[in-house]
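For reference, the structure is listed below as structure tokens.
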Amino acid sequence: MNVVCEVQLDERTADRVIVVVGLAPTAGPAHVDGVAVELVARNGESLGPRQLLPIHGALTGPITTRVELRAPDGRDLPLGCTIVTTAWAGVAQTITECPADPWTEFPTHVFGKRPVPLESGRSPATFKAATRADRAQLAKTFPWMTVPPAPPAPPTADVFDDLGLDDEDAAFLRDLLDDDDDFDEE
């Protein structure tokens, strides 16, 4: 298919999502027969009707459109649902998915910028600090947690050359770094 289709979560509330659908031809103009967007549950079941977008005909450049999808009967969207976009061009089709849960984007997940919402009807979790015995049990179960990180690689001659040091100063710096390793062992 000579059309690239992308879908990205823009906003989410408890009962609806707003997504941005983008289409772009890969090489020259392309013909698009249709584009559809739908919400799909974790088990693969459709959560509502498939929404057909008013896109049909020659695609000469990239286009984007915003689409709002709602849960049926005003219910909350279940956790783990996805947004599935299908684009047709002749007999070929492209299917693109993205999670409907906002905290699953990689930067948000890594940096923890958004709290994970609780499912409705559940009380907030309370946390207690891990005791020494808890940490020891975790270390037995997950030994990789207690392995110290590997020491950084010693500088190579190239590093000393990049610093513009003469041979005597480079040797002095190497000795300092070697002595520092001895100090750490004490």
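Brief remarks on what is shown
- Residue ID - nearest to Ala30 (Cα to Cα), chosen from residues in segment 50-87 that are among the charged types (D, E, K, R) and part of a loop (DSSP other than H, G, I, E, B): Arg50
- Residue that is farthest from Leu39 (Cα to Cα), among those in segment 69-117 that are surrounded by fewer than 16 Cβ atoms within 10 Å (Cβ to Cβ), among the small types (Gly, Ala, Ser) and at pLDDT 80 or above: Ala92
- Residues satisfying the criterion are present in segment 70-77 (criterion: of a type in the set (Asp, Glu) and out of contact with any helix residue (DSSP H, G or I) (no Cβ under 8 Å at 6 or more places or on another chain)).
- Screening Glu38 on (1) surrounded by fewer than 12 Cβ atoms within 10 Å (Cβ to Cβ); (2) in contact with a Gly (Cβ under 8 Å, 6 or more places away or on another chain) shows it passes everything except condition (1).
The values are calculated or read from the model by the stated rules, or taken from the named source; none is laboratory data. Predicted, not measured: the structure shown is a model, and the values here were computed from it. Every residue, glycine among them, receives a Cβ derived from its backbone with ideal geometry; neighbour counts consider all protein chains shown.
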